[in-house]
Amino acid sequence: MTRTEIDTTDDRHTQIAVDDPSTGAVIGRISVASAEQVADAVARARRAQPGWADIGPRARGQMFARSRQWFIDHQQEIIDSIVAENGKAEEDAVIEVVYCVTAFSYWGKQAPRLLAETKVRSLSPLVIGRSMYTRREPIGVVGIIGPWNNPLINSFGDAIPALAAGNAVVLKPSEYTPLTALLMERMAKECGWPKNVFQVVTGAGATGQALVDTADFVMFTGSTRTGRAVAARAGERLIPCSLELGGKDALIVLSDASVERAVNVALHGALFNGGQMCTSVERVYVEASVYDKFVTRLHERFNEVKLGKSTGLGSTDVGAMTFPPQVATVEEHIEDALERGARVLAGGHTLTSPGRFFEPTLLVDVDHSMKCMTEETFGPTLPVMKVDNAEEAIELANDSRYGLQASIIGKNMARARRLAAQLEAGCVTINDAQTNYMAFGLPMGGWKESGLGARHGAEGIRKYTKLQAVSVNRFPMNRDPHMIPYSPSFYRLVLRGLKAVYGKARR
Ligand code: NAD
């Protein structure tokens, strides 16, 4: 049985076959962890976690340095694993490796600072003389659930800050791309990480559900539909969760933009990873004065894109469609657009046997009555729409239930920044697209139905901790004047003082 034939919500199957989307060949098999097996893994992680927390962030940073070296020594093996199970271009897999190597450095070095005790001052007269600070404790066992589009960074990548904060991690990768996560389990072992601090459980939705049922925190990356179910269950259990969900990211090309830059950003932003990115450029709005030039040049560039199985660097630009049902979604969006009057300038077709591919597709004459402009397509397609002015572009960009990333290309920085501030998106790029994901210092999270919380930035590690607020009375008296038994004269004094200090503002 191949994974394309299984009902992934049914965990009666004990094995799932993993195939290479660019050939259809079965390249591995994974077992489906039952709810009991997930609970056992979480229990083992819970026992291992205090020791991991106790060694402190600096020692964990040293462990990460060893892992970073392992990545350098095994980079081709990791890349091959990602390409084989996901079908992406080798260059796109390189980016995943770069991300993790630099994430080990970033979180290893920054964790002590970001998790350090913080002094707090209070102006309240009720706490005069107290010193105050906040401190953080790891949450315990972090359950990470990942999608199939980036087998390394959207799964293991999120484990790095969670581990840096002293948590144990149980990772449930996508059933479509689980092999690279299992390679990470081997990495942890070979690098001498303490046993059970990082574990991988494999399986489909039911295995993910079991992890939400048992972990102390859930970091979920995937569709908005599943994200809602995860959040609802986390709400029932009253455990925190962080959700990185879908997007319908807009790119706005202003009249003063360098058209060549705009074309390159649009092309790469739409086709990187075969368009199977939450931060893919999924729609473009171009100011009328540069529209024709932009479309003509983009069309030429679409015709030059190489599509096919990756056999090494430089062999292809766009790889396979990883997730079989996604092909139907892409086809549906294109058919719907054509029925409503859009034109396909390039591509438009599925290619199969061997493998599963979709031609890089450029659409024009599109509008918001079409699914390709309002629903997440998640494929190598790009609809481009002409707008009268930037204000119309902003209005259309915000006409979405999603709010993950939005981008603006233009030369006048003051104007670009003013417009950027009007975008309803958690991540905004000016003269770029997708760069935020690689900037660990910048929080990356979605507004609206694109998610809750953020990865990266201070919040990207602090969310994996419990905050404790401490107030210390260094010079305690036997009894404070406000304590029982109450002293009316003291409280009269308090009221007079309140009037003297704050009453003036009313005059
Ligand atoms: P999905 O929601 O179908 O599956 C994601 C994961 O959830 C898989 O591991 C799956 O087995 C598991 N799962 C399924 N049902 C579950 C349940 N009831 N409880 C717990 N876990 C369950 O998503 P997908 O198709 O794998 O991924 C594509 C989606 O991911 C796209 O919408 C894309 O935009 C989004 N994505 C978002 C980001 C981001 O950072 N915002 C990054 C990558 C992908």
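Looking for something surrounded by 21 or more Cβ atoms within 10 Å (Cβ to Cβ) and under 30 Å from Asp20 (Cβ atoms) - is there at least one such residue anywhere in the stretch 121-143?
Yes: one or more hits.
Just for strands (runs of 3 or more DSSP E) wholly inside the stretch 112-157: which have at least 1 residues that are within 16 Å of the ligand (Cβ to nearest atom)?
141-145
Consider Phe272 against the criteria (1) within 13 Å of the ligand (Cβ to nearest atom); (2) under 17 Å from Tyr402 (Cα atoms); (3) not polar (S, T, N, Q): it satisfies all of them except one. Which criterion is unmet?
In the conditions (1) within 13 Å of the ligand (Cβ to nearest atom); (2) under 17 Å from Tyr402 (Cα atoms); (3) not polar (S, T, N, Q), Phe272 misses (2) alone.
Residue by residue, here is whether (1) modelled with pLDDT of 95 or more; (2) basic (Lys, Arg); (3) within 25 Å of the chain's Cα centre (by Cα) holds:
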| site | (1), (2), (3) |
| --- | --- |
| Ala17 | yes, no, no |
| Ser34 | yes, no, no |
| Gln37 | yes, no, no |
| Gln49 | yes, no, yes |
| Arg58 | no, yes, no |
| Asp73 | yes, no, no |
| Gly87 | yes, no, yes |
| Ser105 | yes, no, yes |
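When you go through Thr207, Thr177 one by one, which is the residue that is part of a loop (DSSP other than H, G, I, E, B), within 13 Å of the ligand (Cβ to nearest atom) and β-branched (Val, Ile, Thr)?
Selected residue: Thr177, the only one of Thr207, Thr177 that is part of a loop (DSSP other than H, G, I, E, B), within 13 Å of the ligand (Cβ to nearest atom) and β-branched (Val, Ile, Thr).
Tell me, yes or no, whether the stretch 339-359 has at least one residue that is closer than 30 Å to Ile82 by Cβ and assigned to a helix (DSSP H, G or I).
Among the residues of the stretch 339-359, not one is closer than 30 Å to Ile82 by Cβ and assigned to a helix (DSSP H, G or I), which makes the answer no.
Could we say that Glu331 is free of Cβ contacts under 8 Å to residues at least 40 places away in the same chain and either in contact with a strand residue (DSSP E or B) (Cβ under 8 Å, 6 or more places away or on another chain) or over 25 Å from Cys427 (Cα atoms) (or both) here?
Here the answer is yes, as Glu331 does meet what is asked.
Could you go through the stretch 410-420 and let me know if any residue there is in contact with an Asp or Glu (Cβ under 8 Å, 6 or more places away or on another chain), open to solvent by less than 10 Å² (accessible area, probe 1.4 Å) and either modelled with pLDDT of 95 or more or among the charged types (D, E, K, R) (or both).
Yes, there is a match, as at least one residue in the stretch 410-420 is in contact with an Asp or Glu (Cβ under 8 Å, 6 or more places away or on another chain), open to solvent by less than 10 Å² (accessible area, probe 1.4 Å) and either modelled with pLDDT of 95 or more or among the charged types (D, E, K, R) (or both).
Residue by residue, here is whether (1) hydroxyl-bearing (Ser, Thr, Tyr); (2) open to solvent by 10 Å² or more (accessible area, probe 1.4 Å) holds:
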site: Val253; (1), (2): no, no
site: His268; (1), (2): no, yes
site: Thr279; (1), (2): yes, no
site: Glu287; (1), (2): no, yes
site: Asp317; (1), (2): no, yes
site: Glu335; (1), (2): no, yes
site: Leu338; (1), (2): no, yes
site: Gly341; (1), (2): no, yes
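If you check Val97, Val38, Val101, which single one turns out to be in contact with a helix residue (DSSP H, G or I) (Cβ under 6 Å, 6 or more places away or on another chain), under 27 Å from Pro147 (Cβ atoms) and touching a residue at least 60 places away in the same chain (Cβ under 8 Å)?
The match here is Val38.
The values are calculated or read from the model by the stated rules, or taken from the named source; none is laboratory data. Worth saying up front: this structure is predicted, and the values here are computed from it rather than measured. Ideal geometry is used to build each Cβ from the backbone, glycine not excepted, and the neighbour counts take in all protein chains shown. Accessible surface is based on the protein model in full, side chains and every heavy atom, while ligands, DNA and RNA are left aside. Shrake-Rupley method; radii C 1.70, N 1.55, O 1.52, S 1.80 Å.
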